[in-house]
Amino acid sequence: MDGTMARTKFALFEEFQHMADSLDLGFIALSASGDVQAFNTAYAVLAGIDAATAPKDIKAPAALGSSDSSPIEASLRQQDGRQIAVRADRVSTGANGEKALFVREILGDQTLQAAKRKHEETIRRFDILTDRSGMGMWLAGPDNLILEANPAMARLLELAGSDALIGQDPFANTPLDEQPWLRESLANLSPDGAASIRHNLLQASGTVIRVQSDMTRDPVTGGYITFVRDVTEEEQLVRDLAGRNQDLEHFSIAASHDLREPMRKITIYAGMLEEDLADVMSDTARRDLAVISDASKRMSALVEMLSVYVNLKENIGAPKTVELVPLIKDVMEELDTPDGVNLSIDAPEPLFIDEAALRRLCRAVLSNCIAYRRQDAPLIIQAKAQWKSADTVVLTFTDNGEGVPQDQRTAVLAPLKRLRSQGISPGSGMGLAICARIAEYYGGSVLLQASSSGGAVVIIELRLTRQDTNASLNCSIGEQDDAQRW
Amino acid sequence: MPNDGDVVLLAEDDPDDVRIIRRAFKSAGINKNISVVGDGAELLDYLHQDGAYKDVGSAPKPSMIVLDINMPGMNGLTALQEVKLDPRAASIPVIVLTTSNADLDIKAAYALGAASYVTKPQDFNGYVEASRRIRDFWFELAELPTVA
């Protein structure tokens, strides 16, 4: 054999070996004189040898090399001395008499019985497993006849036992003949041979239940296995939940409009009253009227914030690229910021997020920094955005304010929780709750800690798609915005 | 009866709000008569001198329409669309004055031809201030079409 031919042969052998291995079929190539040229892993298992052994170091049964007939039956002696009967099918014969054969074990009655027992045991265990989960299972051959079905499947159909299903054609026989879903599910099998559909299932009593069928075709046998679970209750729960969500939505619409409307009128009419009685009203009456007006405005703002909180997730829009530095500066401009605030922002990369949500989040944190600042020192705020991993950014806001007592750091993330009474510090008590909800929407969380100066550190984790994947994970390398003084 | 052009037509279903707007306009020095209709259908009847406004002189032509969105029956946006489709009324500036600050409503109002969109203020001083600005712009700076 010249070099080119040897290489061609070798490539052919390689292909045979892989193919045979994938079918768990032994492969062996022999020279005209019966020397082993190549073999695959499955043959090594049959012969009881190490697959890494060089071909020249093993011997094949003489019958394989000498006989020209096909198929050949031969006895193969394994390394431990056990003899097994094998059958070899010649798949190639070279010009010089070299042969390539597929080899498989001839199973005796005893072995066949053992294999059958093993198969039955597997099915039994499978039945137990699927049964415990209440999941029906049926296995069909390529002719669509049911080969196996578990007790749970029989219960789903209200049959006395799964034996009644075996041998049936689920497309033709009662009670399954009224199940057009079977055809539908087969028609919907994906290219990889799987389908998952929800459909009605007719029980023997005539009751219709909802089930989910997950079918997978076996590419080797042409049959398919189907897992069936009852989703009647689950679908009812989903419907109930949808109904409740709708009720909640109606309530929030009512809250955002109908409840605020009377509040607005109280404020306005208090203003009109104040104007009408400007000349005759005592200072006490004027103060009382101002209290009514303020309380009504606060109530209105509170209702609006509650409405924002309830509808927040539904109102978060599509993400876009947002630069954090100008956004934070803009928010600070909007807020009632005291003089002399020292703000530094370290956010070298833009974020891919809904801008309104990010603005709301920053506004809530920064307004708290301002509301809970110390009166005896200028307010210092450090904002930082740092990528913790490829898809998680951490926004950290550190201030030198009054801080949040350790035992309240979780409680203040709930709606309507305030650190101080309304008279001392304004605010709705909804800011951090809204932050937590936004973070939750983005698969993250909010954590409060104490800063080194005793102030608060608000750590917000958000799972976002990173825009600049080449940027360093360590933002401190990036450009830092100069501290800005308000 | 006021003359044509001396009237601001207010489409507002809430009598409390009507009182507020009347008073704020007065405080802001808008010396116009305010005619009130309670919903979109009545607004169209007024402009078309139909229904309750058939009598001569009962519906003097307005120089401006102030329109609430949330009204029973025909709402403000539908009425706005009808007004802008009517050649006799299309040139009258319509100011939307509503509690809604929904982006959807704002876009729809402008798309349908609103001259401006104002959210109802939360206190009386806010109303007076908004009315002053309406006066300054619409009745002092801007030229309005002649009411025939």
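The values are calculated or read from the model by the stated rules, or taken from the named source; none is laboratory data. Worth saying up front: this structure is predicted, and the values here are computed from it rather than measured. Positions of Cβ are generated from backbone atoms using ideal geometry, with glycine treated the same way; all protein chains shown enter the neighbour counts. When the accessible area is computed, the model is the full protein with side chains, heavy atoms only, and any ligands, DNA or RNA have been set aside. Shrake-Rupley method; radii C 1.70, N 1.55, O 1.52, S 1.80 Å.
For this structure, a couple of remarks:
- Computed 3J(HN,Hα) for segment A:129-140, one whole-Hz value per residue from the Karplus formula 6.51 cos²θ - 1.76 cosθ + 1.60 where θ = phi - 60°, is 4, 5, 5, 4, 8, x, 9, x, 8, 9, 10, 10, glycine and proline marked x.
- Portion, in percent, of the accessible area of the protein assembly as shown that falls on carbon or sulfur, probe 1.4 Å: 52
- Inter-label distance, residue A:125 to residue A:407: 5.5 nm, where each label sits 7 Å from its Cα along the C-beta direction.
- Once all protein chains are placed together, residue A:57 keeps about 100 Å² accessible to a 1.4 angstrom probe.
- With R₀ fixed at 60 Å, the C-beta to C-beta distance from residue A:110 to residue A:445 puts the FRET efficiency at about 0.45.
- Whole-Hz couplings from phi, Karplus 6.51/-1.76/1.60, listed for segment B:90-106; x for Gly and Pro: 4, 7, 6, x, 10, 9, 7, 10, 8, 7, 6, 10, 5, 4, 4, 5, 4
- Estimated FRET transfer efficiency (residue A:234, residue A:73; beta-carbon r; R0 45 Å; 0.05): 0.20
- Phi to ³J(HN,Hα) by Karplus 6.51 cos²θ - 1.76 cosθ + 1.60 over segment B:36-52, Hz, x for Gly, Pro: 10, 10, x, 7, x, 5, 5, 4, 5, 4, 4, 5, 8, 6, 10, x, 6
- With a simple spin-label model that places each label point 7 Å from the Cα along the Cα-to-Cβ direction, the separation between residue A:292 and residue A:143 comes to 9.0 nm.
- For segment A:226-272, heavy-atom accessible area (probe 1.4 Å) falls by no less than 30 Å² from the chain alone to the full protein assembly at A:257, A:264, A:265, A:268, A:269, A:272.
- In loop segments of segment A:350-415 as defined by DSSP, there are no trypsin sites (Lys or Arg not before Pro) with at most 14 further C-beta atoms inside 10 Å of their C-beta.
- With 30 Å² as the minimum drop in accessible area between chain alone and full protein complex (1.4 Å probe), the qualifying residues in segment B:118-137 are B:122, B:123, B:124.
- Longest to shortest principal axis, alpha-carbon extents of the protein assembly as shown, angstrom: 125, 67, 53
- Segment residue A:204-residue A:18, length gained on full extension (0.36 nm per residue, minus Cα span): 62.0 nm
- Summarising the amide proton neighbourhood of residue B:112: residues at separation of 5 or more, or on other chains, whose placed amide H is nearer than 5 Å comprise an empty set.
- Compactness of segment A:237-315 is given as radius of gyration and Dmax, 18.0, 63 Å, from Cα positions.
- Amide H contacts for residue A:158 (H built 1.01 Å from N in the peptide plane; partners 5 or more residues away or on another chain; cut-off under 5 Å): A:204.
- For the pair A and B, total buried accessible area rounded to nearest 100 Å², probe 1.4 Å: 1300
- Here the protein assembly as shown carries DSSP beta bridges of which approximately 75% are antiparallel, counting only pairs with both residues inside.
- For the listed residue pairs A:265/B:107; A:320/A:417; A:297/A:329, the alpha carbons are over 29 angstrom apart in A:320/A:417.
- q = 0.17, 0.21 Å⁻¹: log10 I(q)/I(0) that the Debye formula gives for chain B, counting C-alpha atoms only: -0.95, -1.53
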